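Just so it is clear, none of the values below were taken in a lab; they were calculated from the coordinates. Keep in mind it's a predicted model, so treat the numbers as computed, not measured. Positions of Cβ are generated from backbone atoms using ideal geometry, with glycine treated the same way; all protein chains shown enter the neighbour counts.
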Amino acid sequence: MYLPEYYEFCCRVKVISGHNALEKIPESLAKMHAARPLIITDKGVSEAGLVDIVLDAIRDEVAVGATADDVPQDSSLKVVNRLADVYRDNDCDSIIAVGGGSVMDTAKGVNIVVSENAHDLMKFSGAGALKRALKPLVVIPTTSGTGSEATLVAVVKDHERHLKMAFVSYFLLPDVAILDSRMTLTLPPFITAATAMDAMAHAVEAYTGLAKNPLSDASALAAISLISSNLMGVMENPSDREGRLALANAATLAGAAFSNSMVGVVHTLGHATGSVCGVPHGMCMAILLPYGLEYNMHKNAHFTEELLVPLAGAEVYAATPKHLRAEQVVAHIRKMNQDLHDATAGRHARFLGEVKDGGGRQVVPREKLEDIAEAALDDGSIFYNPEECDYEDFLMILRTAWEGTPLDRGLIKGV
Amino acid sequence: MNEFREVTPGGKPFKKAYVALMLWFVGRAIQAAAKVDGDVKKEFEKLPEGFTFCLGVMPHGPYMIVGKDRKERVKYMGWRREGRSIDLDMKIKNIEAAILMFTFQEGTAVATARDRMVVDGEVPYACAIVRVLDIGEVYLLPKIIARLAVKRYPVWSFGRKYIGRVRIYFRSIVGY
Ligand SMILES: [Fe+2]
């Protein structure tokens, strides 16, 4: 096990996991001296009936101050500032977020504004802007992917200035994360696949990146193992409660890992592909993960190869010669993508050229790859990637990931 | 009777002086590289007018400030940060971490991964400046040391590497 000379790890989130975990919310709020939460969610989540499940679980013991269900697909500064007013107008004293990454990030943003008694979130951007604990925040993830329930960041978009602001502070770690199988039971299969591969990418990049440490590693290995032994089962049987809970746990574990050990080139290119072409984040992660591993292999094969155990099991690891293990990890992830592709009747894309929108149109035209490579130069996740990556390198990875052919590792500059 | 040794900030004068000297040199070298090296020039062209960045050590310095002046020229602007509006603020958390970095015992990437720095400012600026610093290191340091500081030692033409190096050293020392 690799031990860096120096590292920091912090994940002070109370996790409550179970098929009836929601029922623990009143007690958790009471322990934090909170009694009147603002519920933040989005239309999709509330229409799926998930907010009702939460309300049913807490209604007898908690007086909800208000429910705001209009968080957009992308978090936005305006919405954060507006929801802060809703919080105050209804005399709330805590926040419950029910949703995916955007809802959780919005809730974190609202929490900054109401805790600091301010009116504009922008005042609190920048390192060290937050100096004290915020109001009690309970998060209930409804996808098993982003891991925001265990991270110290909130990404909020300022649509007017076309900026993505990242707020980073240990105070942004939620107080309580509720993992309840009822929250993900109705997640459609192709979203289940993409979000699980996002969690997989968090764990794999944290484990193979420059900022790895033993605590993140333990979380990452557990996450990978839970995903690889439960994802296909859930794909075949979406109402598998145990499998759903396992994936939710995996996402949280992977979130804790990458909140402390960061991500790398897979996310760098994934963020850029998302912002230039609008490809869903999880789908980018699934497609790009094998390429990121191939690109860095000459630097970190000794870490990558260890992932064969949680991915494929100890027997496969032992039966694979050492010099082939890292490549076997990549092959295994490609095989997972193929299986997910088959299980979703082709909706889970295996390469960028294959990504289609609802109307069957190609989402990433080949001519856009240059723009994506250019956008990747502005993404900070590359700092933690083991190998350097310039414009040409980005473009080379993108071209092969567009075609769906394995990376020719002989073309990598550092090899 | 006072049994506790008083700890006052501002100790370690030799380490601070060494880091201050290195920062001074790096600042002047960036100014020089922006004239001599095409890639550095391009990175600064993409940054907004009046862009200013500060690299230094917490809590009380030393610092160095580099920015674009009104005529779009890249200038080393000294070591005083008071009264300046800084677009990108890169602070090494303490003098010991700064020593590790400036004696090249710890590469920039590893130092970042180990949380040695606090970066304040927009991420695209930070990406651009890290690329500039990496190029600067390749110019200023012999390969055997620069290889430890950057993730991948670049393959440059003889002219870019050796003639560029001489020009940058000369300009840094003379200061234009
Ligand atoms: Fe992600």
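Which of the residue pairs A:K78/A:K135; B:K42/B:K71; B:K71/B:K151; B:K16/B:K161; A:K123/B:K41; A:K413/B:K42 have a Cα-Cα distance greater than 24 Å in the structure shown?
B:K71/B:K151; B:K16/B:K161; A:K123/B:K41
Treating the angle as unsigned and between 0 and 90°, give the value, to the nearest 10°, between the Cα long axis of helix B:164-174 and the longest Cα principal axis of chain B.
Approximately 50 degrees, to the nearest 10.
Between the alpha-carbon centers of the range B:44-98 and the range A:133-158, tell me the distance in whole angstrom.
Comparing the Cα centres of the range B:44-98 and the range A:133-158, I get a distance of 33 Å.
As an exercise, find the ratio Rg/Rh for the range A:14-183 from alpha-carbon atoms, using the Kirkwood inverse-distance average for Rh.
Details: Rg = 14.5 Å, Rh = 15.6 Å.
Expressed as Rg/Rh, it is 0.93.
Which aspartates and glutamates have a Cα lying under 13 Å from the Cα of A:K322, excluding residues fewer than 8 positions away in the same chain?
Candidates past the 8-residue exclusion: A:E305, A:E306.
Tell me the angle of helix A:241-261 to the major Cα principal axis of chain A, expressed in degrees between 0 and 90 and rounded to the nearest ten.
80 degrees
Springs between alpha-carbon atoms under 10 Å, Gaussian network over chain B: tell me which of B:G27, B:G159, B:G67 tops the mean-square fluctuations.
Result: B:G159 has the largest fluctuation of those listed.
Using DSSP loop states and a limit of at most 15 other Cβ atoms within 10 Å to flag trypsin sites (Lys or Arg not before Pro), what is the longest stretch of chain A containing no flagged site?
Within chain A, the longest run free of exposed trypsin sites (Lys or Arg not before Pro) spans A:162-360.
Take the alpha carbon gyration tensor of the range B:13-174, find the square roots of its eigenvalues, order them as a ≥ b ≥ c, and report rounded if a/c is under 1.5; if not, report prolate when a/b exceeds b/c, else oblate.
Values: a/c = 1.43, a/b = 1.09, b/c = 1.32.
Rounded, because the longest to shortest axis ratio a/c is under 1.5.
So what J values fall out for the range B:28-35 if you push phi through Karplus, 6.51 cos²θ - 1.76 cosθ + 1.60 with θ = phi - 60°, rounded to Hz, Gly and Pro as x?
5, 5, 5, 4, 5, 5, 5, 8
Based on DSSP H runs of at least 4 residues, each adding -39500 (n - 2.57), what is the mean residue ellipticity at 222 nm of chain A after dividing by all its residues, to the nearest 500 deg cm²/dmol?
-15500 deg cm²/dmol
How crowded by other chains is A:155-165, given as the mean number of beta carbons from other chains within 10 Å of each beta carbon? Spell out each step's value before the answer.
Numbers: counts 0, 0, 0, 0, 0, 0, 0, 0, 3, 3, 2.
Partner-chain Cβ atoms within 10 Å, mean over residues of A:155-165: 1.
What is the helix-to-structure angle for A:265-277, meaning the angle in degrees between its Cα long axis and the longest Cα principal axis of chain A, kept from 0 to 90 and rounded to the nearest 10?
70 degrees
Counting other C-beta atoms within 10 Å, and keeping those with at most 16, which DSSP coil GluC sites (Glu not before Pro) do you find in the range B:65-99?
Answer in residue order: B:E72, B:E82.
Return the sequence-ordered ³J(HN,Hα) values of the range A:204-210 in whole Hz as given by the Karplus equation 6.51 cos²θ - 1.76 cosθ + 1.60 applied to θ = phi - 60°, using x for Gly and Pro.
Here the 3J(HN,Hα) series is 5, 5, 5, 6, 9, x, 6 Hz.
Using a Gaussian network model of chain A with C-alpha springs under 10 Å, which one of A:A319, A:A248, A:A154 is most mobile by mean-square fluctuation?
Residue with maximal mean-square fluctuation among A:A319, A:A248, A:A154: A:A319.
Let me check the size of the protein assembly as shown from its C-alpha atoms; what are the radius of gyration and Dmax in Å?
24.7, 82
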